[in-house]
Each structure stands twice: as C-alpha cells, then as structure tokens.
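Beneath this line is the structure, given in structure tokens, with notes to follow.
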Amino acid sequence: MKKITALLSLFLTLNFTAFSVEGMWIPSLIDMFHSDMKTMGLKLSAEQIYSTNNSSLKDAIIQFNGGCTGEIVSDQGLLLTNHHCGFDAIQKHSSLENDYLKNGFWAKSKSEELACPWLRVTFVKEIRDVTELVFKGITAETSPAERAKIIQKNISALESAEEKTASITAKIKPFNLENQYFMLITEDYNDIRLVGAPPSAIGKYGGDTDNWVWPRHTGDFSVFRIYANNNESAAYDKANTPYKPAHSLPISCKPKKEGDFTMVYGFPGSTDQHYSSGKLQWIIEKERPARIDMRQHSLDVIKPAMNADDLTRIQYASKQARIANAWKKWIGQIGGLKELGAIEKKKEWEEEYMAKAGEQSEWKAKYYNVIGDLNELQAQGGKFEFARSMFIEYFYVGPEFIRHAFGYYNLVYNYEKLETEGKVEEEINKLIKGSESFFKNYNKAVDQAIYNELTPLYCDYVETDLLPLGLAESWERDGEAIFEKSVILDPEGIKSTLSKFSAKSAKKMKNDPALKFALSVYQTFVNKVNSGYQAFAAKEEKLMQTYVEGILVMFPDKKNWADANSTMRITYGKIEGSSPYDGMKYTHYTTIDGIMQKHDESNPDFQLTSRFEELYKKKDFGDYTQDGDLWVCFTASNHTTGGNSGSPVIDAEGNLSGINFDRSWESTMSDFMFDSRRCRNIAVDIRYVLWVIDKYGEAPHLVEEMNIIK
Ligand code: ARG
Ligand code: GLU
C-alpha cells in the first residue's frame, strides 16, 4: 500500500512538473529542447521550427517596431499583433472625425490600408553561436582590461565580415551575462500599413482594472500588412505590393482543452533570474516598494483629476496607463516573491553553489567567493543604485515640467556655439514643436500637485548627500516660483520668447526657475550619483559574469537558459489554469458571457459598443464556438515577459491558436523566479479574433486570406 502511494505521488509530481517549463530558449539551439517539447505533445520536427535552409515557423515571426512581437498569417503579408502594440499607430491615425481608437478601423480593401511609415518589423534570418570566435586570443593570463579589448575587436571584425545591405543587419549580442555571444542576422521591412483594429471597448476591454489580471476578457489584437518592392524591403511607396513571406501561420479553429501543447515564439525583453539573494532582498524590501510608493502618489493625483474633467482624462490617459502598468506589475512581483519565500530559496541555491565550488580547488578559487562578494557589493553600492532608481522615478516619471524644462538646456547654455554653427533656428523650431505637443497634454495644476507630492517623498527616500543641496528645505519655495514664474510653463510666453530669441534671452533664461530646478536635479545625479553607480555596476557585471560562468561550468546538467535580451526565443508549456492560492481555482479560459457580466457603462474600463451588444444578443457567433461557447482568452504555462506581447501561441501542429498579451498578477514574479504552480501567460483566443474581424468588423475578406484549419 505504502509503495503504491509513493508511486502515485511520484506520478502526480512528475505529471505536474511536466506541465509548465521554465526558460526562454534560443531557437537555433533547438536540439537542446526539441525532444522535451515532443514529450509534451509537439508534432513538428526541429527543422520545421527553426531552419536557415528551408522555410520554418521562424519566418512567420517578427519583432514589431523594436518592442513587441507579431506574426504573419497570410501569404499576402498580413500580420497580427496586440491592440496595445498597435495603439500608437491607431492613435496617430485617429482624429475627432475618424476616432479609430473609439470606433475601430477596418480597411475594406487594400487601397484603404493606412500607411505607417514610422513603423518597422524585423525578421530573423539567422542566429549563430560565435562564442569561441569572440573569445579567440583570450587565455587564463589575459588581464580584464585586455580581455575587454580583445572581445571588442573580435566582435567588430566578425560583424564587418558579414554581408549587409540597407535592410540586413549583422549584430553580435552577449548572452548569459557575457559568457556567450550570438550573431543575429536580421532584416527590416519599413512599409507597414494599418489594416484593422477593434474599438478600445474590445481591444482594451477591462483597461487598467483588469491589466495583469485573470480572469480576462480583452480582445487585445490589431492587424497590419507588410508591403515590399519586388518582395524586397523598401521605404513606403504607394506602388509597393504585399510582401510574400517564406512562411505564414495557419490558424487553428479546432477545439482546445487543458493540457494541449503550446509554444510561444517571440521577442521577450529582459529577465533577471540570476540576481543574488542580496540583490533580490534589496529589490523586494527597498527598491520596488519605494518606486511603487512614488507611482502611487502620482496616480493618486492623476486619477481623481481625470475623473473630474474630460479634457484631463484624454490628456493623461496614456501617461496614466504607462505609470500604472509597471506600478501594478511590481506590486504583483514583490507579492509573489514574498509568498514564495524567494529570498530563502535563493539562499538555499547559493549554499548548493558554494558547496559545489568546494569540490574542486580550481572551482573553489574561481567561484567560491563570488556570491559573498555580490551580496557585499550590493550592501555597499546599493546606495547609489537606489538613488539612481529614485532619480529615474522623479526625473523621468515624476513632475513633467522637469524633463520638459531640461530640454531648453542646449539653447540656453550652448547659444553661442549653436550660433556659430548656424543651428539656432533648427533648435528653436524643435523647441516650438516640442512645446506645442507638451501643452497639448499638460495640466499645470495637476503637475504642481504631483510635484508637491513627489518632491518631499524624493527627499525622504534619497540620502541627503545624493540630493541637490538644500532641496528638502527649499522645494516649497522653488515650487511656487516655478509654477508662477517660469516662462517655459507659460504657453504664450514661451512662444513669444522663442519667436524673438537672442543672446540676451539666453542669458535671461538662465534664471528661469524651472530650468534652474531641472538642471540642479540632473547635475546632482550626474555628479553625485552616477559615478558611484557606474563603479558599482562595473564591479557587479564582472562578478555576475563569473557567477554565471560557475553555473555553466559546475552544473552542466541543469537546464540553463540565457536571460531574455530582446532576441528571438521559444518558450513551451501547455494550456493550463492555475491555483495560485489555497481554496482558489482559475479555469483556463473565459467566454463572451464574461464580457457581458463585467459590462458597466458607469466605468470607462467596462463600456461596450451598442453593436457588440446587438451581436451578443443575436448570438451570432458563426462557427467560432466550442460547445456553444465563444472563448475570449485562455491561460497557458509559458514563461513569457514584456516584449512577448503580440507573440503567437502555437499549437502542437504549428498552427496559431492565440495571441499572447499579458501574464496573471501572481505570476509576474517570473522575471526573477519561475514558479510552475502559478506562472501563466494570457492570450486572446484566435477564434475570438476571427469573430471580431469577420462579424463585428464585417471584414470577412481578411479571414478569407488566412489558412483556417477546422
Ligand atoms: N500588462 C500588459 C503589458 O505589460 C498590457 C499593457 C497594456 N494594457 C493596459 N491596460 N495598460 O504590456
Ligand atoms: N503586456 C506585455 C508586453 O507588452 C506582456 C506581458 C508580460 O510582461 O508578460 O509585452
């Protein structure tokens, strides 16, 4: 009996851990993880997933404008990504008459597709391990300075040896904390056109309330098309024709079930799995809480102001979303790390690492002390790193006038130089434009309230010797002068000042209180904080490199994966719900009924269009349902992060089954530590996407372009 129970529990744990898999894998190293994916249900060969000889899945995946991911879904270059990734483009094409954000947009034919010449998409042609070549000439005796020089030289030589064109780039990037290097051959396409977008009431349904949260009901997708000249990359030209890709993803409308294999193929931005226990503790206990607090104070000003006034609501919508996105993620992250006892877990691992290092004298000499050194460095240098984080929050995310006023530095302080170079006019025109777009979305009273909240907080958090001299005493007086007297913050005043700017104006503006304040904040950072931080960061980089080298050398059987660095990766898992807390169980999918349950016209996050309600009432779901339900979103156990937005969720046969757009709140900790019980990515079901395009958008011609698998 005992034996059976033991076997049974072994079976259960095996079965359980087989579900979700930590790691973001480099596609060209597919042989390392292909058999694992096969075990989990994948039906494709390695060659079908990544190949440089034949077309493969890789050829249908693009980096969207340097940040998000997208996938090609027709042989005419049709491309899907998230609504929040296409948001900027949709907004740029929107006006009061054509409010595509509010109403959505559907090109009825190719001639109606809207040019977005500021967008680019990037294909990956090849990923090549060049570690040995980059380290060529380095021996155990090479000094660190010499080593860095050799690496730089080798990288330049290797990069210039590659064939490049105006659109094809060859770049070598470090992986695994500079223990590995890969050459990335990529190609950009620049004629991208907007084809379709649902209204925000679908594409952003749930808004900030539901952001990072499961259960989710967001139709977070938008549609673009790549154009080319003779299928070659080209700048926008009306005469360009749709790009014919080497591969496009077929689309699966088949029923799904929990346990189905999933693979997410895309461009995750950054993760920090190797932080030491000291660093993690510093993040959890000091850095993140302070940053969250700063943002909380801003949001407490912005939100009521937005609710009280329509203009302010529009002006601050996108700023608020940006501030709130990281704010909410961080709260989830530190909550998860605490609940999981992440620091203790790290410490246990560090014991194991050191014990291993103790096994061989060579290892002991190299690796035994590195963890202690890292933790000690954090204890000493963390002061500068913390002041830097707070500076980022204050200067870049805090009161907006500071950054804006800082923009006048060049004109005011380099006036003579600009004049000899004949560049004054150019600089003034830039500032006039900048000023106009600044005031379009600026409310002085709101900014002043943010200043009044954040400045004393900034003074409290940062050690006095790393702050502008006397700031804690003078900030109230400074604030009054800034908001009453600064010409930079007076739309008419600055216009007229700029229109007749002279050397005398430059001299006078040196006394502008906003510019003076911005300069003192910035210069204090440069002079007192940044040098200390740079020295700390250089030491940390070296130690981290040694530490990770130790993992690779001493634990070769551990499934080591390189932290995300905005390069192409594959992560695999299964469709899976979760049970993040005792007594709580999340299902793995949501349906359109849930949209109606959340519907609340008094809350902007949960408003619907009347057209949507009509279609729902008619139950006109076409053949996009499963057992009568129209699925909206689903969760899977893929290890993803920021940058994976828009990534295809691909099934065992290589078909597109959903578009990734978020993670659940409990799982945002996976940037530092992955937990298979709770880490889930969130995707919009491709059948919902098709339903919205076909029935809501009345653009069935787009669905007809795709290869639908039923
Ligand atoms: N949390 C997702 C991401 O990190 C979606 C953000 C966009 N949505 C929003 N409601 N702000 O990017
Ligand atoms: N929404 C994120 C993005 O824009 C993806 C969510 C995540 O961090 O996993 O990339």
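The values are calculated or read from the model by the stated rules, or taken from the named source; none is laboratory data. Please read these numbers as outputs of a predicted model, since none were measured by experiment. With ideal geometry, Cβ positions are generated from the backbone for all residues, glycine too; neighbour counts draw on all protein chains shown. In case anyone asks, the SASA skips ligands and DNA or RNA and just uses the protein heavy atoms, side chains included. Shrake-Rupley method; radii C 1.70, N 1.55, O 1.52, S 1.80 Å.
Is it true that some residue in segment 149-156 is away from ligand 1 (no atom under 16 Å from the Cβ), free of Cβ contacts under 8 Å to residues at least 12 places away in the same chain, more than 29 Å from the chain's Cα centre (by Cα) and surrounded by fewer than 18 Cβ atoms within 10 Å (Cβ to Cβ)? The answer is yes; a qualifying residue exists. All of (1) within 16 Å of ligand 1 (Cβ to nearest atom); (2) open to solvent by 20 Å² or more (accessible area, probe 1.4 Å) hold for Pro289 with one exception: (1). Condition first: open to solvent by 10 Å² or more (accessible area, probe 1.4 Å) and within 16 Å of ligand 2 (Cβ to nearest atom). Can you find one or more residues in segment 681-689 that meet it? No, segment 681-689 contains no residue that is open to solvent by 10 Å² or more (accessible area, probe 1.4 Å) and within 16 Å of ligand 2 (Cβ to nearest atom).
Ala365 fails exactly one of the following numbered conditions: (1) under 21 Å from Glu541 (Cα atoms); (2) under 26 Å from the mean Cα position of the chain (by Cα); (3) without any contact (Cβ under 8 Å) to a residue 12 or more places away in the chain. What is the number of that condition? Tallying (1) under 21 Å from Glu541 (Cα atoms); (2) under 26 Å from the mean Cα position of the chain (by Cα); (3) without any contact (Cβ under 8 Å) to a residue 12 or more places away in the chain, Ala365 fails exactly one: (2). Among the residues of segment 187-215, those identified as open to solvent by less than 10 Å² (accessible area, probe 1.4 Å) and either under 20 Å from Leu630 (Cβ atoms) or of a type in the set (Gly, Ala, Ser) (or both) are Gly196, Ala197, Pro198, Pro199, Ile202, Gly203, Tyr205, Gly206.
Inclusion of Lys364 among residues that are open to solvent by 90 Å² or more (accessible area, probe 1.4 Å), at pLDDT 95 or above and either touching a helix residue (DSSP H, G or I) at 6+ places or on another chain (Cβ under 6 Å) or outside any helix (DSSP H, G or I) (or both) is warranted.
Regarding Thr609, is this residue closer than 30 Å to Gly336 by Cα and at pLDDT 95 or above? So Thr609 does not fit the description; no. What number of residues within segment 201-217 satisfy the criterion of being within 15 Å of ligand 2 (Cβ to nearest atom) and part of a helix (DSSP H, G or I)? The number of residues fulfilling the criteria is 4.
The helices (runs of 4 or more DSSP H) located wholly in segment 237-355 that include 1 or more residues which are within 30 Å of Tyr367 (Cα to Cα), in contact with a Pro (Cβ under 9 Å, 6 or more places away or on another chain) and modelled with pLDDT of 95 or more occupy 310-339.
Output yes when any residue across segment 465-472 is exposed (fewer than 14 other Cβ atoms within 10 Å of the Cβ) and at positive phi, and no when none is. Yes: one or more hits. Within segment 350-361, restricting attention to residues that are under 34 Å from the mean Cα position of the chain (by Cα) and open to solvent by 60 Å² or more (accessible area, probe 1.4 Å), the residue that is nearest to Lys279 (Cα to Cα) is Glu351.
The condition of being of a type in the set (Phe, Trp, Tyr) and in contact with a Gly (Cβ under 9 Å, 6 or more places away or on another chain) holds for Phe384. Would segment 638-652 turn up any residue that is at pLDDT below 95, more than 16 Å from ligand 1 (Cβ to nearest atom) and not aliphatic (A, V, I, L, M)? No; the residues of segment 638-652 include none that is at pLDDT below 95, more than 16 Å from ligand 1 (Cβ to nearest atom) and not aliphatic (A, V, I, L, M).
Restricting segment 36-52 to residues that are free of Cβ contacts under 8 Å to residues at least 12 places away in the same chain and open to solvent by 30 Å² or more (accessible area, probe 1.4 Å), which is nearest to Phe123 (Cα to Cα)? Taking the candidates together, the pick is Glu47.
Restricting the first member to segment 301-318 and to residues that are closer than 15 Å to Ile450 by Cα, and the second to residues that are surrounded by 16 or more Cβ atoms within 10 Å (Cβ to Cβ) and among the hydroxyl-bearing types (Ser, Thr, Tyr), the beta-carbon pairs closer than 6 Å and six or more apart or on different chains are Ile302/Tyr316; Ala305/Thr312; Met306/Thr312; Met306/Tyr316. Of everything in segment 268-286 that is open to solvent by less than 10 Å² (accessible area, probe 1.4 Å) and in contact with a Ser or Thr (Cβ under 6 Å, 6 or more places away or on another chain), the residue that is farthest from Met669 (Cα to Cα) is Pro268. Taken over segment 662-694, the criterion of being within 16 Å of ligand 1 (Cβ to nearest atom) and in contact with a strand residue (DSSP E or B) (Cβ under 6 Å, 6 or more places away or on another chain) is satisfied by Asp662, Arg663, Arg680, Asn681, Ile682, Ala683, Val684. In segment 53-82, of all residues being closer than 22 Å to Gly269 by Cβ and open to solvent by 30 Å² or more (accessible area, probe 1.4 Å), the one that is nearest to ligand 2 (Cβ to nearest atom) corresponds to Gly67.
Screening the candidates Lys58, Lys108 for the property of being farther than 30 Å from Thr262 by Cα and in contact (Cβ under 8 Å) with a residue 24 or more places away in the chain yields one hit, Lys108. Taken together, the residues in segment 293-311 that are closer than 22 Å to His84 by Cβ and either among the charged types (D, E, K, R) or buried (at least 20 other Cβ atoms within 10 Å of the Cβ) (or both) amount to 5.
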